[in-house]
Amino acid sequence: MDRSAKDPVKIQTMFTTIAHRYDLLNRLLSLGIDKSWRKFAVKQLPRAEHARYLDVATGTCDVALEIIRQCPPDAKVTGVDFSEGMLKLGTEKVISAGQQDRIELRFADVTALPFDDHVFNASIIAFGIRNVQDTIKGISEMGRVVRSGGKVVILEFTSSQSRFFQPVFHFYISKVLPFIGEIISGKKGAYKYLPDSMLNFPPPEKFSRMMQEAGLKDVRYHKLTFGAAVVYVGTAP
Ligand SMILES: C[S@@+](CC[C@H](N)C(=O)[O-])C[C@H]1O[C@@H](n2cnc3c(N)ncnc32)[C@H](O)[C@@H]1O
């Protein structure tokens, strides 16, 4: 995929433009399955007393809120994102869930996280890493801020599905998804970019090697829904 398609300013603008329709489109386009993918990803986070989790590219905070649902009441989450529009909606959702004391939101880029080394028990990113131009830098930042032995969890779509499922998946994401996305969001480019970025994302074996290159150990992955999405788990050194 052309590097310029992932220009950070373009990505920021795109997400801010579609933010108001993001949750609705997510549910609709994934037929509601995205919720179970996030649940599975959050289950991979280590549990500990007074745990602190970092949700990178938190967007409208679905992962941050799922962490609060799954983890004990003393757990806290920091969510970061570089789209003001997505963070605004995330803030509204956190307030309406009454979780302002447990979820703190900050404006930040994944490639330059504003945190000291080793402060979190784990970091997680859902459907965010494929938008990051410098992928290795983003992953290594997620590892840097996590304590030694802590986890980095990445949930992402993949271009490689089971042989039976691949034609259906490709047809759906390259024809159906941009069509519906365009009608509901009223924006053409965003839902053209989505299939392009999904189809160009490296297959699980290659992406696992990139996580190792970024300094993570014991990288494992789990394919979900015939390989439509993958959850990767790496350990901070
Ligand atoms: C597809 S949304 C995912 C949001 C959320 N994690 C979820 O599960 O629905 C991708 C998010 O990544 C954010 N993002 C993309 N590149 C980023 C970067 N370099 N730094 C911080 N946030 C980024 C976008 O602003 C957007 O909110």
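No value in this document is a laboratory result; all are computed from the given coordinates. As the structure is a prediction and not an experimental result, all values here were calculated from the model. Using ideal geometry, Cβ is built from the backbone for each residue, glycine included, and neighbour counts are taken over all protein chains shown.
Taking just the alpha carbons, could you work out the radius of gyration and Dmax for the chain, both in angstroms?
Reported Rg and Dmax, both Å: 16.7, 46.
Read phi for every residue in region 127-139 and hand back ³J(HN,Hα) as whole Hz from Karplus 6.51 cos²θ - 1.76 cosθ + 1.60, θ = phi - 60°, with x for Gly and Pro.
6, x, 5, 5, 8, 8, 4, 9, 4, 4, 4, x, 5
Counting only DSSP beta bridges with both residues in the chain, tell me the antiparallel percent, nearest 5.
If we restrict to bridges inside the chain, about 40 percent are antiparallel.
Non-local amide H neighbours of residue 145 (under 5 Å, H modeled in plane, Pro and chain starts lacking H): which ones?
Correct list: 118.
For region 39-79, compute Rg over Rh where Rg is the Cα radius of gyration and Rh is the Kirkwood radius from the inverse mean 1/r over Cα pairs.
With Rg and the Kirkwood Rh in hand, the quotient comes to 0.91.
Report the calculated FRET efficiency for residue 200 and residue 176 (r = Cβ-Cβ distance, R0 = 22 Å), to the nearest 0.05.
For residue 200 and residue 176, the calculated efficiency is 0.75.
Let's test the formula: R0 of 41 Å, r as the Cβ-Cβ distance of residue 118 and residue 183. What FRET efficiency results, to the nearest 0.05?
Taking R0 as 41 Å, the efficiency between residue 118 and residue 183 is 0.35.
What ranking do 71, 61 get, fewest neighbouring Cβ atoms within 10 angstrom at the top?
Taking fewest neighbouring Cβ atoms as first place, the list is 71, 61.
Return 132, 168 ranked ascending by Cβ neighbour count within 10 Å, so the fewest neighbours appear first.
Listed from fewest to most nearby Cβ atoms, that is 168, 132.
First measure r as the distance between the Cβ atoms of residue 96 and residue 33, then evaluate 1/(1 + (r/R0)^6) with R0 = 25 Å and state the FRET efficiency to the nearest 0.05.
0.55
Just how large is the dipole of the chain about the Cα centre, in debye to the nearest 20, putting +1 at every Lys and Arg Cβ and -1 at every Asp and Glu Cβ?
620
Please name whichever of 17, 226, 197 sits farthest to the positive end of the charge dipole of the chain, dipole taken about the Cα centre and charges placed at Cβ: Lys and Arg +1, Asp and Glu -1.
After comparing all options, I get 226.
At a Cα cut-off below 21 Å, give the lysines reachable from residue 217, other chains included and same-chain residues fewer than 8 away excluded.
Of all the lysines, those that pass the test against residue 217 - Cα under 21 Å, at least 8 places apart if same chain - are 43, 137, 151, 206.
Quick one: length gained pulling residue 133 to residue 222 fully straight, 0.36 nm per residue minus the C-alpha distance?
Using 0.36 nm per residue and subtracting the Cα-Cα distance, I get 29.6 nm.
Along region 72-79, what does the Karplus equation 6.51 cos²θ - 1.76 cosθ + 1.60 (θ = phi - 60°) give for ³J(HN,Hα), rounded to whole Hz, x for Gly and Pro?
With the stated coefficients, region 72-79 comes to x, x, 8, 7, 10, 10, 10, x Hz.
Within 10 Å of each residue's Cβ, count the other Cβ atoms and sort 81, 7, 34 from fewest upward.
Ordered from fewest to most neighbouring Cβ atoms within 10 Å, 81, 7, 34 come out as 7, 34, 81.
In the chain, with Lys and Arg counted as +1 and Asp and Glu as -1 at Cβ, which of these residues, 78, 31, 65, has the Cα nearest the positive end of the dipole, that is, farthest along it?
31
Just how far, in whole angstrom, is region 213-237 from region 34-66 if you go by their alpha carbon centroids?
Answer, in whole Å: 15.
Run the Debye formula on the Cα coordinates of region 142-231, all scatterers equal and no solvent, and tell me log10 I(q)/I(0) at q = 0.13, 0.19 1/Å.
-0.54, -0.90
For the chain, what's the relative contact order in percent, using C-alpha pairs closer than 8 Å and at least 6 residues apart?
20
Using +1 at the Cβ of each Lys and Arg and -1 at the Cβ of each Asp and Glu in region 171-213, identify which of 172, 184, 210 lies farthest towards the dipole's positive end.
So the residue we want is 184.
Counting only residues 5 or more places away or on other chains, whose amide H sits under 5 Å from the amide H of residue 150 once H atoms are built in the peptide plane?
Correct list: 236.
Across region 169-176, in residue order, what do the Karplus-derived ³J(HN,Hα) couplings come to in whole Hz, using 6.51 cos²θ - 1.76 cosθ + 1.60 with θ = phi - 60° and x for Gly and Pro?
Each residue of region 169-176 in turn: 4, 5, 4, 4, 6, 8, 10, 5 Hz.
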